[in-house]
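**Student:** My questions all concern the structure below.
Bear in mind that the values in this text are calculations on the coordinates, not laboratory data. Please read these numbers as outputs of a predicted model, since none were measured by experiment. Every residue, glycine among them, receives a Cβ derived from its backbone with ideal geometry; neighbour counts consider all protein chains shown.
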Amino acid sequence: MAADGWTRNDNVRMSQRAKDGVKDTSKPQLKIPVNSSIHEYALHFLPMQEIDALAAKMTAAGVAKFQNGQRAYKDWNVTRTDVLKWMGAWMYMLAFPLEADRRAYFTGFEAGFGPTNVLEKYGVHEMWFEMMQTCFELPTYGRKDDAFDPVRRWWDSLRLTFAEAIDAGYILNLDESMLRWLGQHMPGFMSVGRKPDDKGAELHTVCDGQSGIMVNFELYEGKEAMKDREYCRDYQATTATTLRLVKPFKGLGKIAVADSWFGSVQSARGLYDELGTYAVLNVKTAHTGYPKKELFEIVWSMSNGGNPSKKEAKELSRFPKHGGKRGLHAGFVKLFDIKGGETIEMLAAGHNAKKPMLLISTAGNLLPGNPQVKEWYDAERVKHSHTTPQPHVHEIYRTYFHLVDDHNQLRSGAVTMADVWETMQWPHRHFAESLGMWEVNVYKALVAFHPQYKELKHPRFRRLLAHALLTGGQPLVIDVDRAPAPPTPTRTLTEGHLWHSFDHRSVEAGGVKSQQKHTCGFCTKATSAYGFCAACFPIGSTPTFAICGPSTGRNCMQQHANGVQPRHTMQKRKRESGEGPSSAGSA
């Protein structure tokens, strides 16, 4: 018998969910025909009544400017179509990022759908776009005492639209998302050191566990503002947040999978007691009433490849000799009283897979699940894998815990709305980031439901979405990225510029074939590139900067063709060839 009434049982065969007779394994259902167009998918995830209200607000703003003497706004009128086209221009800039002034998108030449296209071809004139920007202001509830009033109505409408867009499947994943801070005031600002974008506003979010579509979220408004929210009187803050996020799915017998921010005995108990929802939650710091010590003594693992530090050796000296083995698991069970005089059984389960993972669950058992398989490549690009046996409950967690993270990574990957729309006004920042959440939802829905787009990649999707919004749903016919590449290592991207690989140049010059790579001269983050512009650096010359190839889906070659100066140069190569500054002192 462990502390707090937990009983050791490493062979739990039935979860509380199974004992309750819940067998639901339903898949998510999209609420429009799955063969709908990308344009229809995009509008399905937008609050169209709020888009109409935004158009009316922008019209009123322009009329007011005209009345104040700004003649450019004569006959100003913004429609739903205008707002969608304006959003399409932002999606275009997101799909084809340029290291240049925004006006670069309004000057260029015809070369298919890409950054050399003139946006005016699609009815987006530079002056009109900038006028739309100056008139942009979200509709509000008009609550002057509410710090979040400038964005609350929009967030409420978007959350309701996401929730109604699909019927979620039987698995839900909870986690956090961040809205990036760009240096000026933002209500609810917080710093979360463990996040890639660690400063800004935080949202607690829910994604459908099978499609990855976001179905609910809550904006964190600060400790004081949140303390009186629903469930806070009876539960600690993290549990109360968990319950509010899952409340729309009350009584449906779904399984909530979440990391240690949400994970505790109280959260698992509250989900069942209040909402009839089952749980598979990671437990780390919130271990009150949880047999953490007893589990850790069995499934502990050591850092440094199994060689414990002095501190670890001292802590582990009391542990059983069979501890620390990969694949080892242990379980404890306990009955808890709930409302109505009934009881439920919770499972505290630990598993060693290099690091110990502790879970609290009412939905999984300790029967063997599908093994955990980790794959990686070494420096020589040789693939390796490692297989570790794991119980069913840990299989559930490891399969579904990362869905919100995946959603966040698509939204805040190499190029984000924060990079494209570098506004310092926090309501505009919220709106821009919300467009990122929306476009990822549209992408996830297409991949999950549309038979034509099962293999669609996110960079290409952004281009298709931009075109759909700019043209009102017309199909993309002229697309340079859909043309097959020539069978040689050289590919003509824009007039007068050719991409060559370093490997191909080496062979052309009579050298040995070797895969060279350098930091791309145009990517905003350090990215390895394998080629250069052969037109600018013909045989006999030494390239001074590298460029990502066309197969990457990045637009580095287009940036070079448009005259953008590289941000990274190949200093090492320049010094070796004598082209760079001499390291010797002057005589």
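**Student:** Kindly rank 266-278, 90-102 from highest to lowest mean number of other beta carbons found within 10 Å of each residue.
**Tutor:** 266-278, 90-102
**Student:** Check the straight Cα-Cα distances from Lys121 and name the aspartates and glutamates below 17 Å, setting aside those fewer than 8 residues away within the same chain.
**Tutor:** Asp82, Glu110, Glu130, Asp479
**Student:** Non-local amide H neighbours of Ala279 (under 5 Å, H modeled in plane, Pro and chain starts lacking H): which ones?
**Tutor:** Ala256, Thr362, Ala363
**Student:** Moving on. Taking the highest mean first, how do the peptides 8-15, 76-83 order by number of other beta carbon atoms within 10 angstrom per residue?
**Tutor:** Put in order of decreasing packing, that is 76-83, 8-15.
**Student:** How would you rank 163-171, 210-218, highest first, on the average number of other Cβ atoms within 10 Å across their residues?
**Tutor:** 210-218, 163-171
**Student:** Add +1 for every Lys or Arg and -1 for every Asp or Glu among the other residues with Cβ under 10 Å from the Cβ of Met226, and state the total.
**Tutor:** Surrounding charge for Met226 is 0.
**Student:** Return the aspartates and glutamates within reach of Lys250: Cα separation strictly under 12 angstrom, same-chain partners fewer than 8 residues apart disregarded; answer none if there are no such residues.
**Tutor:** Lys250 reaches Asp273, Glu274.
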